Amino acid sequence: MHKLLVFDLDGTLAPVGKGAKAETIEMLKRLEAKGHCVALCSGKPTYYLCGILRQWELNAPVMIGENGGVIQFGVDLPPARFEIFPYGETAKEQLALLKKRIDQAWKGRLWYQPNEVALTPFPYEKACFDCIQAILDRHPEDLTELAVYRHGDCFDILPKTISKAGGVEYLATLLGLTCKDVAAVGDGVNDVPMFRYADLSLGVGNDVRKFASMCFPTVGEALTYLLNED
C-alpha cells in the first residue's frame, strides 16, 4: 500500500479557482479511512490550502505549499507543526533583486501571492506578463539559484533546491517513509518533479502523460484506482 498520497490542487482535485466536488472529497475521506496519509502539494501557500482543507474535514491532512517550500500539519492556526525547506542565501538575494526589478517596472499593476519563500507575481495585464518574462530573459546571471515556472496567470519563482519532489521527500522523511511508500497525483509541469520521486504517479488529463506512470481523464478515475489498488 502507498502510505502517503500526495495531490496537486488546481486542475487536479478541483478546477482552477473552484471548489472540489463532493464526491472527490468523499473519496479522499475513504482513502484516509483506509490508512493513507492524504497531503496536498501546491504552488499556493499553506494558509490558502488550510482554508480549503478545513471545509473538507479530513482527520489529519498535510499541506506542502509553495511548490515544496513549506509543510504544515493540520488545519489549525497557528499550525501544530510548520516546516520551511532550507535554502541558501544566494537564492534569497536573487529573489529580492528580482522583486525589486519587477516593482520598478510594474509596482501597483500586479499582485504578489503572500508566500514564505517563493516569489509569485500575478500580472493584471498581458503587457506586465511580457515585461516580467523580458526581465527574466535579460538577467540570466541573476537566476542561477532560481527555478521559474510560467503558468497562464502567474509566475512561480523559487530556489532551485525547492521543488514538489523535495517537499514530498522531506515530508516522507518526517513520516519515516521512503519513495516506495508514495503515490503522487497531478496535472501540470510543476508536478513532474514529484512524479519522478514517487513510486506511483497518476496524471489527470493529457498534459503530463509522458511523465506519469498512467493517466486518467478525471481525478475521480484516479481516486478510484487508488481506492482499488490494495
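The values are calculated or read from the model by the stated rules, or taken from the named source; none is laboratory data. On a predicted model such as this, the values are computed, not experimentally measured, just so you know. Cβ: placed from backbone, ideal geometry, glycine included. Neighbour counts: every protein chain shown. Side chains included, ligands, DNA and RNA excluded: accessible areas come from the protein's heavy atoms. Shrake-Rupley method; radii C 1.70, N 1.55, O 1.52, S 1.80 Å.
Worth pointing out:
- On full extension, the segment bounded by E221 and N206 gains 4.0 nm, given 0.36 nm per residue less the C-alpha separation.
- Coil-residue GluC sites (Glu not before Pro) of segment 93-181, DSSP, other Cβ within 10 Å capped at 11: E125
- On Cα atoms only, tilt of 164-174 relative to the major axis of the chain in degrees: 50
- Using θ = phi - 60° and Karplus 6.51 cos²θ - 1.76 cosθ + 1.60, couplings along segment 152-158 (whole Hz; Gly, Pro as x): x, 10, 6, 10, 9, 10, 8
- Segment 101-216: Cα Rg divided by the 2.2 N^0.38 Å rule of thumb: 1.23
- Integer Hz, Karplus 6.51/-1.76/1.60 couplings in order for segment 130-147, x for Gly and Pro: 5, 5, 4, 4, 5, 4, 4, 5, 7, 10, x, 5, 9, 10, 4, 9, 10, 10
- Å² per residue, accessible surface of the chain at 1.4 Å: 47
- Proportion of all alpha-carbon pairs of segment 182-230 beyond 15 Å (%): 33
- D (Stokes-Einstein, µm²/s), Kirkwood Cα radius, segment 22-108, 1.002 mPa s at 20 °C: 144
- Using a probe radius of 1.4 angstrom, the carbon and sulfur fraction of the accessible surface of the chain is 52%.
- By the helix-only formula, in which each DSSP H run with n ≥ 4 contributes -39500 (n - 2.57) and the sum is divided by residues, the chain has a 222 nm mean residue ellipticity of -11000 deg cm²/dmol.
- The GNM of the chain, with springs linking C-alpha atoms under 10 angstrom apart, assigns the highest mean-square fluctuation among D76, D156, D199 to D76.
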